[in-house]
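The values are calculated or read from the model by the stated rules, or taken from the named source; none is laboratory data. Just so we're clear, the structure is a prediction, and the values are computed from it rather than from any experiment. All Cβ positions, glycine included, derive from the backbone under ideal geometry; neighbour counts span all protein chains shown. The area values use the complete protein model at the heavy-atom level, side chains included, leaving out ligands, DNA and RNA. Shrake-Rupley method; radii C 1.70, N 1.55, O 1.52, S 1.80 Å.
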Amino acid sequence: AQLLAELGSHLGPETRALDLACGTGDIAFALSERSAHVLGVDASSRMIAIAAARAARGEKFVVGDMTALDLPDGSVDVVTAGYALRNVPDFRQALREIARVLKRGGRLLTLDFYRPTNVVWRRAFLAYLSAAGNTVGWLWHREPVVYGYIAHSVNHFVSITDFNTALAETGFTVERVYRRLHGGIAVHHALRT
């Protein structure tokens, strides 16, 4: 909801929107309520199959790699990425690719976990994520690793400040950052310059 609220007037009938790591399509479907052209991309063919089966407004879903998008330069107005960039092997390459496909003046909105800079809080935050992830994974899927990996991925990701720097280095101006959990999670709203 925060991602879409941030887009506000930037979505319209002719807006071309791209949702990366779209999973089963929740963000893409919310985008399609206000935009006629929505493409969801995910590395998982299983997730894409579920999203495609749910499509009702002409949304398109494809298996793809966010570090090598099969889209022309400057062909997209808006890119959303919920819990996406932390999970890609080279998030800086993914940012370069996003910058390539976004039109100048286009919008990037991301939601993700980040590595808190305060050491004491980071340890507590990661311990909580590990315990909660393993518990939920076991209860819902009988497989702790389903969500247990989150703490490990956060610990090997970057801080919000480092992510801001990476955005600037790849052609974006950060317009707003909404920080939560003392730097453990954030929504970024960036403009392609």
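Miscellaneous remarks
- Only one entry in S75, S35 is under 12 Å from L18 (Cβ atoms), in contact with a Ser or Thr (Cβ under 8 Å, 6 or more places away or on another chain) and not charged (D, E, K, R), namely S35.
- Within the range 143-165, residues that are hydrophobic (A, V, I, L, M, F, W, C) and modelled with pLDDT of 90 or more reach partners that are part of a helix (DSSP H, G or I) and surrounded by 15 or more Cβ atoms within 10 Å (Cβ to Cβ) with beta carbons closer than 6 Å, at six or more positions or on different chains, in the pairs F157/R86; I160/G183.
- Output for the range 107-149, where each listed residue is surrounded by 15 or more Cβ atoms within 10 Å (Cβ to Cβ) and among the hydrophobic types (A, V, I, L, M, F, W, C): L108, L109, L111, F113, F125, L126, L129, V136, W138, V146
- Qualifying residue in the range 153-168 (condition: in contact with a Pro (Cβ under 9 Å, 6 or more places away or on another chain), farther than 22 Å from L7 by Cα, open to solvent by 10 Å² or more (accessible area, probe 1.4 Å) and not hydrophobic (A, V, I, L, M, F, W, C)): yes
- Only a single item in (1) open to solvent by less than 20 Å² (accessible area, probe 1.4 Å); (2) under 27 Å from R180 (Cα atoms); (3) not aliphatic (A, V, I, L, M) is not met by P89, and it is number (1).
- Put simply, of G40, G25 the only residue that is in contact with an Asp or Glu (Cβ under 6 Å, 6 or more places away or on another chain), without any contact (Cβ under 8 Å) to a residue 40 or more places away in the chain and not polar (S, T, N, Q) is G40.
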